[in-house]
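Reading through the C-alpha cells given below for one structure.
The values are calculated or read from the model by the stated rules, or taken from the named source; none is laboratory data. Model, not experiment: these values are computed from the prediction. Every residue, glycine as well, gets a Cβ built from its backbone with ideal geometry; the counts of neighbours run over all protein chains shown. These area figures cover heavy atoms from the full protein model, side chains too; ligands, DNA and RNA do not enter into them. Shrake-Rupley method; radii C 1.70, N 1.55, O 1.52, S 1.80 Å.
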Amino acid sequence: MTSLTQRSSGLVQRRTEASRNAAADKERGSDDEDYEPRQEEEDEKGDSKETRLTLMEEVLLLGLKDREVICKSAAPTGDMLLDEALKHVKDTQPPETVQSWIELLSGETWNPLKLHYQLRNVRERLAKNLVEKGVLTTEKQNFLLFDMTTHPLTNDTIKQRLVKKVQESVLDKWVNDPGRFDKRVLALIFLAHSSDVLENAFAPLLDEQYDLAMKRVRLLLDLEPEAESAKANANELLWAVVAAFTK
C-alpha cells in the first residue's frame with residue numbers, strides 16, 4: 001500500500017510538472033521566432049558555466065578500485081573541496097584505496113585516528129559557493145525557538161538546464177553504450193542515484209518518458225564496473241568510484 005501511494009504521488013507530481021511545462025511553452029507562443037536558436041545558444045553557454053560549479057559529482061574521482069590512490073599533481077584546482085581532498089591524498093603514506101578514501105573523506109570510517117580526513121560542512125560550503133555564483137541566495141528562517149540559515153534557489157535557469165541535460169542523456173541523446181557517454185553526465189547519473197536525488201530530474205516527465213528514463217538508468221546501474229573499466233578508452237577513475245558507491 002505504501003509503495004502504491006508513493007507511485008500515485010509520483011504520477012501526480014510528474015503530470016503536474018508536465019502540464020506546467022506545456023502551458024509555459026504555449027504561453028511563449030509562436031511570436032517569439034528566435035526563441036529556439038537563442039535557447040540552444042544559452043544551453044551551450046550554460047554547459048561551460050556549469051563545469052565551473054563545485055559539484056560533488058567531480059570531487060571523488062580519485063583512483064582505481066582495489067588499487068592505491070596516488071596524487072600525481074599537487075597543483076591547486078580552484079575547487080576548495082577537491083583541493084582539500086587532494087592534499088589528504090598527497091600527504092598520506094602509505095596510499096589508501098578508492099573505497100578507503102570515500103569512507104575517510106565522508107567520515108564513515110570507524111577508525112578514530114583517521115577522523116581528521118573527513119571533509120567538514122560539505123553541504124554548507126557548496127551552498128555558499130553557489131550563492132557566490134548567483135545560483136542560490138541566503139535567508140534566515142524562523143523555526144519557533146531558533147533561526148536557521150537556508151539557501152533558496154534564485155537562478156532557476158541553471159537548475160532547469162541541468163535537469164534537461166540529465167533527461168536528454170537517457171532519452172533523446174541515449175547512446176546505449178557507456179563508452180560513448182559524456183563522462184561528466186555519466187558520473188552525475190551514478191552519484192545522483194547514490195544520493196537519492198536522480199528521480200527529481202525525471203519528475204517533470206510524462207509517464208511514458210519517465211518509465212523509459214528509469215529503464216535506461218537501470219541498465220547503467222546494472223553494469224559491472226570492473227568489466228567496463230577494462231574496455232578500450234574506458235575512464236578507469238570513474239568506474240573505480242562507481243564500484244565503490246555501488247559495492
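A single member of ASN155, ASN129 is touching a Gly at 6+ places or on another chain (Cβ under 9 Å) and of a type outside the set (Phe, Trp, Tyr), and it is ASN155. Do the conditions hold for LYS165, that is, is it in contact with an Asp or Glu (Cβ under 9 Å, 6 or more places away or on another chain) and open to solvent by 70 Å² or more (accessible area, probe 1.4 Å)? The answer is no for LYS165. Evaluation of PHE190 against the conditions (1) within 17 Å of LEU221 (Cβ to Cβ); (2) open to solvent by 30 Å² or more (accessible area, probe 1.4 Å) shows that the sole unmet condition is (2).
Just to be sure, is ASP222 surrounded by fewer than 17 Cβ atoms within 10 Å (Cβ to Cβ) and more than 22 Å from ARG180 (Cα to Cα)? So ASP222 does not fit the description; no. Within the stretch 177-198, residues that are farther than 14 Å from PRO225 by Cβ and in contact (Cβ under 8 Å) with a residue 40 or more places away in the chain have Cβ atoms under 9 Å from residues that are assigned to a helix (DSSP H, G or I) and of a type in the set (S, T, N, Q) in these pairs: LEU188/SER169; ALA192/ASN200, counting only partners at least 6 apart in sequence or on another chain.
Beta carbons closer than 9 Å, at least 6 apart along the sequence or on distinct chains, pair a first residue in the stretch 74-97 that is in contact (Cβ under 8 Å) with a residue 40 or more places away in the chain with a second that is in a loop (DSSP other than H, G, I, E, B) and among the aliphatic types (A, V, I, L, M) for LEU81/VAL59; LEU81/LEU119. Of VAL170, VAL131, all but one fail to be touching a residue at least 12 places away in the same chain (Cβ under 8 Å), open to solvent by less than 70 Å² (accessible area, probe 1.4 Å) and under 23 Å from LEU81 (Cβ atoms); the exception is VAL131.
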